[in-house]
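A short write-up of the structure that comes next.
Each reported figure results from applying straightforward, stated rules to the coordinates on display, with no laboratory input. Keep in mind the model is a prediction, meaning the values are calculated, not measured. Don't worry about glycine lacking a Cβ; one is built from the backbone with ideal geometry, like all the others, and counts go over all protein chains shown.
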Ligand SMILES: CCCCCCCCCCCCCCCCCC(=O)SCCNC(=O)CCNC(=O)[C@H](O)C(C)(C)COP(=O)(O)OP(=O)(O)OC[C@H]1O[C@@H](n2cnc3c(N)ncnc32)[C@H](O)[C@@H]1OP(=O)(O)O
């Protein structure tokens, strides 16, 4: 320390040196899903057969209608009819089944996370040992040592990697993990954060109940399994000393925010019990709550940034990476914001191909937007928009939002 330096100055200098200079960016994306696939138009028969509920004909026809209107064509699941067959407690609401559910889900969640993360690391182009931080989110159980440690082992990350594990954040888990990664990357010069969101929904699997619990049918009709991973870092290095391109940001993360809607605590409830996530709730009001609040919430998030051509009906000047929580959720965003047809094409496509994979889904959406922007022949809506919004809804009700800037766009 120089003799003339005051301790407070030194403190701030150290702080400045530790922080990155630029905004955090998504540097690479990877996704994975189980091979076992069920077509949506076959799901109702499958579900009522597996849960031995064929006699509930009224609920079965309601389920058929919900599946038909879901905007989903197929979903992938780790669990199979055979797996559930050897664990009859899973379809017996009165029997404890948490142990069996967690044992099956954990293996699935870890393997899916490792597959997605390996793809992200390979797209990134740097060795796994360069990862400094790991943020994992999952709804597939709650155990310690948990999914973060297992993933670090499977990928061969260094023992000093700094881990953060988020459990049971529901559908907003992906954005919550990305928000944490953004803060880590911007606060730690040189940090490279691996984010992995992994979902295996056996904990949610439940037989149909009665007319009072249609949310069980809705949940069974929309959720699927999958994992998404991204590498986040600030101050990306374009080329190494030999001139080889090392890192290229796909999207910069401009700001991250979280809003909890007052008085909505009971709208989405996730409760871990001896029977898995029994006792959880999904209110029929959720799409209307989104419709009534999302514009105010987004205006509050975007106004301080002073972005050009945004707000006052300018929502179509942005590209949109929305978590497809359900077809009605996307319809609510579209209606409330007056979005043109096609603005949510990436979200609708991911919903159609995989269903709602909770926190992992939004990473599939980001990857789909990345692919469409790179595809010269793709003339889809939004390719000329440089600023974008990523948003998801979770228990709370909580709306998580991240403002994005697409790579290679320096104008506007
Ligand atoms: C052991 C395990 C136990 C598990 C227990 C599971 C309990 C369930 C709760 C689990 C919640 C936990 C989830 C955790 C993840 C968090 C998810 C999120 O954060 S955010 C997730 C955000 N995702 C969403 O919120 C999903 C948004 N919803 C949708 O996208 C659409 O409603 C649709 C696609 C599902 C159906 O489309 P379409 O057919 O055009 O739509 P319609 O609207 O016409 O509905 C048809 C019929 O169903 C009725 N009904 C509908 N919903 C509910 C409900 N929640 N409730 C009751 N009823 C409901 C509706 O009234 C109608 O009845 P009827 O008039 O025929 O009598």
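In plain terms, the chain from residue 260 to residue 37 could stretch by 76.8 nm, reckoned as 0.36 nm per residue minus the Cα-Cα distance.
This ranking places 329, 270 by how few other beta-carbon atoms lie within 10 Å of each, fewest first, which gives 270, 329. When only alpha carbons are used to place a centre, the range 310-356 and the range 23-80 end up 21 Å from one another.
The overall shape of the chain, judged from the alpha-carbon gyration tensor, is prolate: a/c is not under 1.5, and a/b is greater than b/c. When peptides 275-285, 171-181, 365-375 are sorted by average Cβ neighbour count within 10 Å, with the highest value leading, the order is 171-181, 365-375, 275-285.
Based on DSSP H segments of at least four residues, each scored -39500 (n - 2.57), the chain has a per-residue ellipticity at 222 nm of -11500 deg cm²/dmol. For the pair residue 6 and residue 81, the difference between a 0.36 nm per residue extended length and the Cα-Cα distance amounts to 20.1 nm.
Relative to the longest principal axis of the Cα atoms of the chain, helix 327-337 runs at roughly 50 degrees. Based on the alpha-carbon gyration tensor of the range 108-164 and its eigenvalue square roots a ≥ b ≥ c, which shape applies: rounded if a/c is under 1.5, prolate if not and a/b is larger than b/c, or oblate? Oblate shape, in that a/c is at least 1.5 and b/c is the bigger or equal ratio. Counting only alpha carbon atoms, the long axis of helix 98-124 and the longest principal axis of the chain meet at about 40°. Is the shape of the range 176-327 rounded, prolate or oblate, going by the alpha carbon gyration tensor and its root eigenvalues a ≥ b ≥ c, with a/c under 1.5 for rounded and a/b larger than b/c for prolate? Oblate, since a/c reaches 1.5 and b/c is not below a/b. Axis angle, to the nearest 10 degrees, between helix 345-354 and the longest C-alpha principal axis of the chain: 50 degrees.
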